[in-house]
1. Starting from the 7 Å offset along Cα-to-Cβ, what nm value, one decimal, do you get for the label separation of Lys10 and Asp28?
2. If you take the C-alpha gyration tensor of the stretch 5-69, multiply each eigenvalue by 5 and take the square root, what semi-axes do you get, largest first, in whole Å?
3. Need the full-extension length gain, Val17 to Arg45, defined as separation in residues times 0.36 nm minus the C-alpha distance. One decimal, nm.
4. So how far apart, in nm, are the two label points at Val59 and Thr3 if each is 7 Å from Cα heading toward Cβ?
Amino acid sequence: MSTTVRQIIKDAGGAEVIATAIVSLGGDISKDAVYKWSKTGIPDRHWPVIIGMTEYGPVELYGANCLARGVPLVLPLHSIEAA
């Protein structure tokens with residue numbers, strides 16, 4: 001089963017904790033905006049904060065965003081150059 005944005009928010013401590021962390025780093029966001037990520041995906045500019053708060057990496061965040069946005073998961077192929 002793929003990781004969802006909702007699960008990532010939960011594992012990071014919840015929307016309020018995430019919003020507080022982003023604001024403490026100079027960002028401007030509300031907990032309500034974080035809740036909307038479940039439908040819109042986690043904005044790329046907030047990935048470093050989420051990665052720092054969880055054990056998820058860019059691949060999991062990308063996959064969760066694709067799932068939230070209803071788009072197919074397409075990962076780059078690094079082996080194309082070797083062919």
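Read the figures in this text as sums done on the coordinates, not as results from a lab. Note that the structure is a prediction, hence the values are computed from the model and not measured. Ideal geometry is used to build each Cβ from the backbone, glycine not excepted, and the neighbour counts take in all protein chains shown.
1. Roughly 3.3 nm, to one decimal.
2. Values: eigenvalues 55, 31, 21 Å².
Its equivalent ellipsoid spans semi-axes of 17, 12, 10 Å.
3. Values: separation 28, 0.36 × 28 = 10.08 nm, distance 1.69 nm.
So the chain would gain 8.4 nm between Val17 and Arg45.
4. 1.1 nm
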